[in-house]
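Nothing in this text is a laboratory measurement; each read-out follows from the coordinates by a stated rule. Note that the coordinates shown come from a computational prediction; the quantities given were computed from them, not determined experimentally. So basically every Cβ, Gly included, is an ideal-geometry build from the backbone, and we count neighbours across all protein chains shown.
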Amino acid sequence: MSMEQLKNLIDQIEAHRRERSVYQFGLLAFIGAIVLGGGSVLLPYLPKSTPIAVTPSEEVAPSAYADVVLSAKAAIVYDLTTGKVLYEKNAEAQLPLASLTKLLTLFAASEVLTPDAPVTMTSKALATEGDNGFIAGETFRFEDAAALALVASSNDAAEAITEAATKVADAANGTSLLASAAAAVGLTQTYALNGTGLDENGEISGGYGSAHDIALLAEALLKRVPGIMRASIDPLVTVRSMSGNSYTLKNTNTEISHITGLMMSKTGYTDLAGGNLAVVFDAGIGHPVAVVVLGSTKEERFTDVQHLVRATSAQFAGLRLP
């Protein structure tokens, strides 16, 4: 082989160096063998389009979500750190929210009420579906009423919060208050007709939104009222009214102990909505991820979320995070 031919071959290899490192090594070894052995074999010209085999270390690992099967009509796994959607199923579909509407209620109230602001259980609030044993006229701190709405999904507390916030904000009604909150967070598929999420009738839900919107709302709440949101992961909530009465209620998410690093949780269920569930958990050190399922069943909403949490943990274990 002449020196000019050898130089041409080296120039060709250098052009492929960055994206063809594995093949380059083989060519250099082959050239070295020729030069050292005094051979005169010429290698053919390799155009840039020549396919090069990818080594196993360069292959993209299969998605941990590939085999996930859900009962939910819609779902999302949303990385709150990077803003990336890791998994989605009809994530933009507008569906009944049931008690996930209470998350919007709490955000709206947090804009106008301080943690110590009074929230009174009016007769109207106590007339909503469900009975937690509260007394008409009884007053709670907003922070405590919010814990009741989150942990026990108390409709009484959610309605009382809506009334208190509407009055302080001097809003026309609760619907306009909630609409303003949805706009403030940038929720494009979400609106509410009441602060509880209870179905208005057999055909109209109390709130509508998408899995993607709920993930964004969860993120906004964790930033605005992290202390209040922490209460949502407790198996029980105990609060005392300003008159001294104590109430202890169970968490409506009976599976909270099965998710490591849980940061927030909210359930939802009505006839129109089916089973809904939204959680945020830490998938790494300080790496929160939101998981939301809508339109599942009362029981399978929990298994749906568990499937997605496990898949997310597996995906993170196989990712090379920046």
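Using 28 Å as the Cα-Cα cut-off, could you pick out the over-long pairs in K84/K250; K223/K250; K89/K266; K102/K298?
Details: K84/K250 34 Å; K223/K250 25 Å; K89/K266 19 Å; K102/K298 18 Å.
Beyond 28 Å: K84/K250.
How would you rank K73, K223, going from fewest to most other Cβ atoms within 10 Å of each one's own Cβ? Before the final figure, lay out each step's value.
Working: K73 17, K223 10.
Exposure proxy ranking, most exposed first: K223, K73.
In what sequence do M121, M263 fall when counting other Cβ within 10 Å, fewest first? Walk me through the numbers before you get to the answer.
Values: M121 23, M263 20.
Listing M121, M263 from fewest to most nearby Cβ atoms yields M263, M121.
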A chain fully extended from T82 to D116 at 0.36 nm per residue, minus the present Cα-Cα distance, gains in nm 8.9 nm
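From the Cα gyration tensor of the stretch 123-273, with a ≥ b ≥ c the square roots of its eigenvalues, which class applies: rounded if a/c is under 1.5, or else prolate if a/b is larger than b/c, or else oblate?
On the way: a/c = 1.38, a/b = 1.07, b/c = 1.29.
Because its axes are fairly even, with a/c under 1.5, the stretch 123-273 counts as rounded.
For an R0 of 25 angstrom, estimate the FRET efficiency from the Cβ-Cβ distance between E200 and K223 and round to the nearest 0.05. Walk me through the numbers before you get to the answer.
Details: r = 31 Å, r/R0 = 1.23.
For E200 and K223, the calculated efficiency is 0.25.
Sorting K266, K298 on the 10 Å Cβ count, fewest up front, what's the list? Could you put the intermediate results ahead of the total?
Working: K266 30, K298 11.
Fewest to most other Cβ atoms nearby, the residues stand as K298, K266.
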